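Just so you know, all these numbers are worked out from the coordinates, no wet-lab data involved. Worth saying up front: this structure is predicted, and the values here are computed from it rather than measured. Every residue, glycine as well, gets a Cβ built from its backbone with ideal geometry; the counts of neighbours run over all protein chains shown.
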Amino acid sequence: MDIEIDLISDWTEYLRSEIAASGYSVGPNDSLYDLSYKYFNIQKRKVLASPRTVHESTTLSCPKEHQSGYTALKNKLINGEDVTPHLSKMILNNNYEDFLLNDWGIHHFHLGKNINDGFVERTGPLLFALVKDSDVYCIDIKAHGAWSKQDLIRTLHTEWPKSIASFRINGILGLSYQPSNDDIAKLRKAGVQSMVQIEDGVVYGPIGGGYSTAGTSIQSRMQANRYCRLIRDIERRVKENTDMYIGKIKEHGLTPGKVSRFQLMVNNQGFYVVEMES
């Protein structure tokens, strides 16, 4: 049985379409490598609109003039509303790398109330929070630029250690060199990954997945590579089991085409393949 199948090309077109539909630029010569990274990096920077339980640290302090904006943001997070207007405007740039997010997995939110050009008013103080699928851990409200303050990780460890337990490096007594906050900022710019020591015997690796020497997200790159491997594996399985699939088509009373053409489909549940001629 002759078949036509090129799931990698299908995946490439899906990525191109999804990136463009989200309002980001797609170059005519963007490779699968480029598109895959762009797609997963965009997803990493977004906060999916979904109801979440909001947890506040005991040390969180909100300036009085921003209390109403902070309350409005919390309500949006609780109700599952879109909080994109509270994110950095740099989210519109698909080439932007958020070092705080890539390194420690922490988002920062502006506390303005009035929306202009799709974003709330920019505020000096920002909410720093760790966002999970069902929970948001509000660490503190700090000045703009507090991207490398290790107190952010210390608060997560003190208040919600389970939220970052998988990133704790077991069996290590401590770091021979403990970078300062300023050191971490400089290391990030140089593309050098660092770890954070909270106390003796408590050291955390990159909660956000880390960044490469080029400053790009290692997590996004690994996701991109994993999905490409998965799609190639699906294509191999279809080729190896074509007769079985054709048999199933016939069992359903359908007539296969002279050439079976398989195409990749994607939905919220994952990947599946459709034989298009029947």
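The helix-only estimate of mean residue ellipticity at 222 nm for the chain, built from DSSP H runs of length n ≥ 4 each weighted as -39500 (n - 2.57), is -11000 deg cm²/dmol after division by the residue total. If the chain linking Arg236 and Ser50 were pulled fully straight, counting 0.36 nm for each residue of separation and taking away their Cα-Cα distance, it would gain 63.4 nm. Students often get this wrong, so try it: which of [x] -0.35, -0.45, -1.24, -1.34; [y] -0.22, -0.29, -1.35, -1.56; [z] -0.61, -0.70, -1.20, -1.25 is log10 I(q)/I(0) by the Debye sum over Cα atoms at q = 0.07, 0.08, 0.16, 0.17 Å⁻¹ as calculated from the structure shown? So the calculated entry is the one marked [x]. Extending 7 Å from Cα along the Cβ direction at Thr158 and again at Asn181 yields two label points whose distance is 1.4 nm.
What does the extension gain come out to for Ile8 and Tyr96, with contour length at 0.36 nm per residue minus their alpha carbon separation? Each step should come with its number before you reach the end.
Details: separation 88, 0.36 × 88 = 31.68 nm, distance 2.60 nm.
Between Ile8 and Tyr96, full extension yields an extra 29.1 nm.
You can think of it this way: the chain between Ser17 and Asn79 has 19.4 nm of extra reach, that is 0.36 nm per residue less the Cα-Cα gap. Exactly which chymotrypsin sites (Phe, Trp or Tyr not before Pro) in segment 90-182 are in a DSSP loop and have at most 15 other Cβ atoms within 10 Å? When the chymotrypsin sites (Phe, Trp or Tyr not before Pro) of segment 90-182 are filtered for loop state and at most 15 Cβ neighbours within 10 Å, Tyr96, Tyr177 remain. Checking every one of the trypsin sites (Lys or Arg not before Pro) in segment 176-273 against DSSP loop status and a limit of 11 other Cβ atoms within 10 Å picks out Lys258.
Restricting attention to segment 58-137, which GluC sites (Glu not before Pro) occupy a DSSP loop and are surrounded by at most 14 other Cβ atoms within 10 Å? The partial results should precede the final answer.
Values: sites: Glu65, Glu81, Glu97, Glu121; in loops: Glu81, Glu97, Glu121.
Passing both the DSSP loop test and the Cβ count: Glu121.
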